[in-house]
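A short worksheet on the structure shown next.
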Amino acid sequence: MSTSNFRSDVVVIGCGIAGLSAAVSALQAGSVVHLLERAGEDDYGGNSRWTGAALRMNNDSEVSDDFEEFFARNASLNLDPNIVAEVSREYAGWPDYVKSHPFADPELIAHFASNVPPTIQWLKSFGLRFGPQSSYKFTQDTKRIYPDGGGLAIIERLSAEAKSLGGKIFYRTTATNFLRGNSGHIEGVVAVGPAGERCEFTAGGVILASGGFQGNSEMLTHYLGPRARHIRPVARGGYYNKGEGIRMALAAGAAPAGEFGSYHAEPLDPRSRQPDPVVFVYPYGVLLNTKGERFLDEAPGSVSASSDYIARTIADQMDGTAFAVFDAQVEDIPRWRTSVRSEIPPMQAENLPELFARLQIAVKPAMATIETFNAACPNSAAFNPFQLDGLATSGLMITKSNHARQIVKPPFRAYPIISGICFTFGGLKVNTNAQILDQDAKIISGLYAAGETVGLYQRAYTGSTSVLRSAVFGRLAGLHAASVPHSAKASGVPKSLGAVTS
Ligand SMILES: Cc1cc2nc3c(=O)[nH]c(=O)nc-3n(C[C@H](O)[C@H](O)[C@H](O)COP(=O)(O)OP(=O)(O)OC[C@H]3O[C@@H](n4cnc5c(N)ncnc54)[C@H](O)[C@@H]3O)c2cc1C
């Protein structure tokens, strides 16, 4: 089979919010842009297609008050105090090992935060609208706004804009390798087209916006270990993100960033066929593993701040499964059913031994766990499901810090929960232009990352910042790639569009 050749100023890999933000920005700046998208036209957009797109912002012109602080708190595990001292200086003076360190460095996070408001204003220029909404997570740690129509509205609006500006999207086309010149400049990508044919896309700049590796079982096992066998993407879009972009860049010498062994997790009902069938009722009962044990504090803080860690810990339990067990007192909670997005009803029984037998968890240990838990619950009427009410157990090895009420009133119910993977944390180190840095903090000429391919998160996910990461770094990458006289652009290769067969 012959090779098809295509030439543009900028080639973008992936048509989610990151890729489309990059493409539209570059097109507005006058570049010729090609977009490669592994999915078909009916299913493009990866995770972006399925997200409600909560944004960590006070309103559409201000990031939340804790935006940079939350990143700083989770910037790295056991961050070396020498690195902390170095980053208190001007960025230009940081040693290379600090510039390429895999943490969310303050230079990048400050730039990210300051670019959020103009990026939202830019999205509004396409008719998108943003505002507050009620959440199915009943306790919140920060302020959030949402686009009307969620992520789907953003990708539909941006792809229409990209096409109207002359951008060309190549669907069912998967990038697999770079074209790299002797100078080290990334000159384009090799891809596999719809019929399995080899395609070469030559360009002055290449923007990797192909998501994380949550759809690649081999990479998940490699980086997350055996727990990977228990987890699955939270929605169909995640299956398209197989990590080629990250793998290609690492092979080209890129510095890794973000915590490769971790991911943003959500508690899912494994029986459900719905996208994102989250179960957030567990703070109002207990979580038991299949051995009938509690294994963590079910309500250590707000649901929005703690569910990531809780859902990851479920992956480490036997069979990667836990059960949210609660009693009929849940009916005291107005609209409690909205905290569960599974279409499958909970398992139910008139008594606990019967319920545990149906759940196939060890009945005797589970009964002992509930009796001990009930005895440790406070005697108080101050239960408040919408605030951290401080109703904590006392004297248990594993405390429940809020919403602790005895589990005594039939019928008893339970939802099975597994750890869903929203996106992987491991990605690529970029500078404030979204240019990818190598292990020595040198810019890899012609190569950019945006969205999930950018490694930002360690420890706890700074909630509701991933869509912003896509839009902001996509826009930064697109604008920079369009502005730079890349060597390939300047090489005199004609900017002919369309297929040339060799
Ligand atoms: C159900 C759900 C709820 C979420 N809720 C929130 C939220 O409230 N707030 C928030 O901030 N984030 C949320 N997220 C996460 C957020 O939506 C994503 O992290 C973000 O949209 C990712 O954007 P992206 O452009 O980087 O990647 P994606 O949107 O995943 O796009 C990647 C694209 O690249 C394509 N691709 C992959 N590999 C290749 C290849 N080799 N060649 C060509 N194309 C390729 C894929 O097909 C896909 O179209 C949620 C995600 C989901 C699924």
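The values are calculated or read from the model by the stated rules, or taken from the named source; none is laboratory data. The structure presented is a predicted model; accordingly, all values stated were derived computationally and were not measured. Cβ placement follows ideal geometry from the backbone for every residue including glycine, while neighbour counts extend to all protein chains displayed. Accessible surface areas use protein heavy atoms only, side chains included; no ligands, DNA or RNA. Shrake-Rupley method; radii C 1.70, N 1.55, O 1.52, S 1.80 Å.
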Report task. Sort out for me the strands (runs of 3 or more DSSP E) sitting completely within segment 1-102 that have 1 or more residues that are acidic (Asp, Glu) and within 14 Å of the ligand (Cβ to nearest atom). Result -> 33-37
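Results for (1) free of Cβ contacts under 8 Å to residues at least 12 places away in the same chain; (2) under 15 Å from GLY463 (Cβ atoms); (3) in contact with a helix residue (DSSP H, G or I) (Cβ under 9 Å, 6 or more places away or on another chain); (4) open to solvent by less than 10 Å² (accessible area, probe 1.4 Å), shown as yes or no for each residue.
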| site | (1), (2), (3), (4) |
| --- | --- |
| SER2 | no, no, no, no |
| LEU20 | no, no, yes, yes |
| SER25 | no, no, yes, yes |
| ASP42 | yes, no, no, no |
| ALA54 | no, yes, yes, no |
| ASN59 | no, no, no, no |
| PHE67 | no, yes, yes, yes |
Report summary line: Expected output for segment 76-102 (first residue over 19 Å from ASN431 (Cβ atoms), partner outside any helix (DSSP H, G or I), Cβ below 8 Å, 6+ apart or cross-chain) is LEU77/GLU259; LEU77/GLN458; LEU77/ARG459; LEU79/PHE103
Requested in this report: Return the only residue of GLU331, GLU343 being outside any loop (DSSP other than H, G, I, E, B) and of a type in the set (D, E, K, R).
Outcome: GLU331
Query raised in the report: Restricting attention to segment 88-112, which residues are surrounded by fewer than 19 Cβ atoms within 10 Å (Cβ to Cβ) and of a type in the set (A, V, I, L, M)?
Result: ALA92, ALA110
Requested in this report: Kindly provide the set of residues from segment 260-280 that are open to solvent by 40 Å² or more (accessible area, probe 1.4 Å) and touching a strand residue (DSSP E or B) at 6+ places or on another chain (Cβ under 9 Å), ordered by number.
Outcome: PRO270, ARG271
Query raised in the report: Just one of GLY151, GLY193, GLY204, GLY253 is near the ligand (Cβ under 9 Å from one of its atoms) and at pLDDT 95 or above; which is it?
Result: GLY151
Report summary line: Counting only residues in segment 72-83 that are hydrophobic (A, V, I, L, M, F, W, C) and at pLDDT below 95, the one surrounded by the fewest Cβ atoms within 10 Å (Cβ to Cβ) is identified as LEU77
Report summary line: Of all strands (runs of 3 or more DSSP E) fully inside segment 394-472, the set with 3 or more residues that are in contact with a strand residue (DSSP E or B) (Cβ under 8 Å, 6 or more places away or on another chain) and away from the ligand (no atom under 15 Å from the Cβ) is 412-424, 443-449
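Yes or no: SER394 closer than 24 Å to ALA265 by Cβ, in contact with a Pro (Cβ under 9 Å, 6 or more places away or on another chain) and surrounded by fewer than 23 Cβ atoms within 10 Å (Cβ to Cβ)?
Details: closer than 24 Å to ALA265 by Cβ: no; in contact with a Pro (Cβ under 9 Å, 6 or more places away or on another chain): yes; surrounded by fewer than 23 Cβ atoms within 10 Å (Cβ to Cβ): yes.
So SER394 does not fit the description; no.
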Requested in this report: Would you please name the residue that is farthest from TYR44 (Cα to Cα), looking only at residues in segment 243-259 that are surrounded by fewer than 22 Cβ atoms within 10 Å (Cβ to Cβ) and in contact (Cβ under 8 Å) with a residue 40 or more places away in the chain?
Outcome: GLY253
Query raised in the report: Within segment 54-65, is there a residue that is at positive phi, in the same structural domain as THR119 (by TED's automatic domain parsing) and not charged (D, E, K, R)?
Result: no
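Residues checked against (1) crowded, with 22+ Cβ neighbours inside 10 Å; (2) without any contact (Cβ under 8 Å) to a residue 60 or more places away in the chain; (3) under 16 Å from ILE417 (Cβ atoms); (4) of a type outside the set (A, V, I, L, M, F, W, C):
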{"site": "ASP316", "(1), (2), (3), (4)": "no, no, yes, yes"}
{"site": "THR338", "(1), (2), (3), (4)": "no, no, no, yes"}
{"site": "ALA349", "(1), (2), (3), (4)": "no, no, no, no"}
{"site": "ASN384", "(1), (2), (3), (4)": "no, yes, no, yes"}
{"site": "ILE398", "(1), (2), (3), (4)": "no, no, no, no"}
Query raised in the report: Is it true that THR176 is in contact with a helix residue (DSSP H, G or I) (Cβ under 7 Å, 6 or more places away or on another chain) and within 10 Å of the ligand (Cβ to nearest atom)?
Result: yes
Requested in this report: State all residues of segment 159-173 that are buried (at least 17 other Cβ atoms within 10 Å of the Cβ) and either part of a strand (DSSP E or B) or more than 10 Å from the ligand (Cβ to nearest atom) (or both); if no residue qualifies, say none.
Outcome: SER159, GLU161, ALA162, GLY167, ILE169, PHE170, TYR171
Report task. Scan segment 208-228 and give yes if some residue there is assigned to a loop (DSSP other than H, G, I, E, B), within 15 Å of the ligand (Cβ to nearest atom) and hydroxyl-bearing (Ser, Thr, Tyr), otherwise no. Result -> yes
Query - Some residue of segment 124-147 being more than 13 Å from the ligand (Cβ to nearest atom), part of a helix (DSSP H, G or I) and more than 30 Å from ASN384 (Cβ to Cβ) - result: yes
